[in-house]
1. Give the carbon-plus-sulfur fraction of the accessible surface of the chain in %, rounded to a whole number; probe 1.4 Å, heavy atoms of protein chains only.
2. Dipole size in debye (nearest 20) for the chain around its Cα centre, Lys and Arg Cβ +1, Asp and Glu Cβ -1?
3. Show me the ranking of peptides 417-423, 208-214 by mean Cβ neighbours inside 10 Å, starting with the highest.
4. Assuming R0 = 56 Å, can you tell me the calculated FRET efficiency for the pair Ser485 and Val320, based on Cβ-Cβ distance, to the nearest 0.05?
5. Over segment 79-198, give the accessible area per residue in Å² for a 1.4 Å probe, as an integer.
6. How large is the accessible surface per residue of segment 488-568, computed with a 1.4 Å probe and reported in Å² as a whole number?
7. Would you list which lysines come within 17 Å of Lys104, measuring only between C-alpha atoms, while excluding same-chain residues fewer than 8 positions from it?
8. At 0.36 nm per residue, minus the direct Cα-Cα distance, what do Asp149 and Lys28 gain on full extension? Give it in nm, one decimal, please.
Amino acid sequence: MFATSVHARSTVLRLSTSIRCASQLKSKYDVVIVGGGHNGLTAAAYCAKHGMDTLVLERNSWLGGAATTQEIVPGFKFSRASYLAGLMRPQIIEDLELERYGFKYLPRNPSSFTPGEQGGPYEGKSLLFWEDAAATKASIAQFSKRDADRFGDYEHVLDEFREVIQPLLDNPPPAFEASGDRRTDFKTMMELAGLGFKHRKNLARFYEVLTSPATQLLERWFESDILKTTLATDAVIGSMSSPSDPGSGYVLLHHVMGEAAGKKGVWAYMQGGMGAISDSLAQSAAHHGAHLVTDAAVNRIETQGDKATGVNVTIDGQTVAIEADCVMANCNPYHLFTDLLQDAHADIDAGCLEHVQAADYSCGAFKINCAVSELPDFLAAPNVNGQAGPQHRGTIHFENHMSQIEEAAVQAKRGEPATRPVVEMTIPSVVDPTLAPDGSHVVQLFVQYAPYELKAGSWASPDFKQAFVDRVFQVVDKFAPNFSSSVLAYDALSPLDLEQIFGLHKGNIFHGALGLHQLAFMRPAPGFSSYQMPLKGLYLCGSGASPGGGVMGAPGRNAARLVIQRHG
């Protein structure tokens, strides 16, 4: 077993650009987009489709940002950072004809598997969530007949909440800001009012979900610890919060509000890995005439007084200035305001600048991509003849008790990597065999809680990082003893790696924590939630804008619609 180099060979789109050097760029474009992540590509495709001369500048050698497929180990293709699909807005898939360019969900059934821990109260049992409601009910009934009877009602209530929140995904929050569009705000308000009236009997419950701890919500519904804990993992993904923290109920809702292949609230794999999303977006953008340039490092956004006028960029060692009618920033807000606009601070709203720089960027995420010689053999659901079974298809959870999540979160808040990390495993090669050689598999481990800011030690230390990886493997080995010995190679991404490789400030996968104080009207700062930033002609189109993080494309689409309205 050995750690591979982070210099991964990307399998993402290589038609990314016909532009190889700065001299091939035009001196002026209608729109310049800083960052070729999935939101930037979404914005580019919409703007180009409208006929705007659009340029995307990406500092890395691949497009897609964290939504990328990379062949880290020869023959093994990993969704290196983001790893599950299901939040992508259906309207984007339709508008940009992404299925024409290879966008294809691969459903997972069952979607979730939680094996019982040896020596614990659930030994020999496992919890599975199936597409068939009766099968899921039967699985839950092993632990509590009461919970099995209530689970359908719980999902129905979440379905109602999911419907209520839809207008806030497809439009800017109706803040009626000077920088926004009042007609759009009024339309969104009317949609929200109509949905609120439709679901008026559950509005108090909806408010509870938005503001309460996930534990309080789940304990009100269920009694079995293994069910509550499995559901609670959605409340802490990419967060330093614990399920007992107020507002964690919203994070749970955020992770079940999408849909995949027409099924609401479910996650899926992407055929070809998460890079297939970025690939399809890039191909759509290129089809409509957008220019997509990789290895292009934007040094600063050029300004004149209170207006953004273009960018200063270095390509292949040559630095040039490019003018633009408007600039869209797909990078995280901290990088935008602290680095790219450092020469323009005197012309930026001081309150906005201070708010963005003081925002909460804590996250605690750690990712390990493994090439394995055989499938994990779970004690609770042993393999049959070495073949894949239902236990390998969905998301695999290794927490049976809420206290395991709570204790890990407490340690992380003290600046200590969790002694017993919270681990979520996916094995996409079981559903998509093109990702690994015959007989071998790709295993992805998404891990909490690994704080960026440490009380002692450093993620730059190979030994410190290795010690945390060892802890993660020990957790998995307790449920599947063959796991560590099956690992041929792995790629471990600490919070520091996520920052340095993917430009995620402090390793935050959402471009800013999804706390209630940083959503809707407050994202990225009060007065600037409508994508228009404090400078004229400057727009934020990444996950640091509303409605937030995840591979959904909503910030890119919403910002592009505003740009088209004003500059198209």
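1. 51
2. On the way: 47 positive and 60 negative charges, 131 e Å.
Once rounded to the nearest 20, the dipole reads 620 debye.
3. Details: 417-423: 23.0, 208-214: 18.6.
The packing order, highest mean first, is 417-423, 208-214.
4. Details: r = 53 Å, r/R0 = 0.94.
FRET efficiency, Ser485 to Val320: 0.60.
5. Per residue, segment 79-198 has 46 Å² of solvent-accessible surface.
6. Details: 1960 Å² over 81 residues.
Here the residues of segment 488-568 average 24 Å² of exposed surface.
7. Correct list for Lys104: Lys77, Lys263, Lys264.
8. Length gained, Asp149 through Lys28: 37.3 nm.
The values are calculated or read from the model by the stated rules, or taken from the named source; none is laboratory data. Bear in mind the structure is a predicted one, so any value in this text is a computation, not a measurement. Every residue, glycine as well, gets a Cβ built from its backbone with ideal geometry; the counts of neighbours run over all protein chains shown. Calculation scope for accessible area: heavy atoms of the full protein, side chains included, ligands and nucleic acids excluded. Shrake-Rupley method; radii C 1.70, N 1.55, O 1.52, S 1.80 Å.
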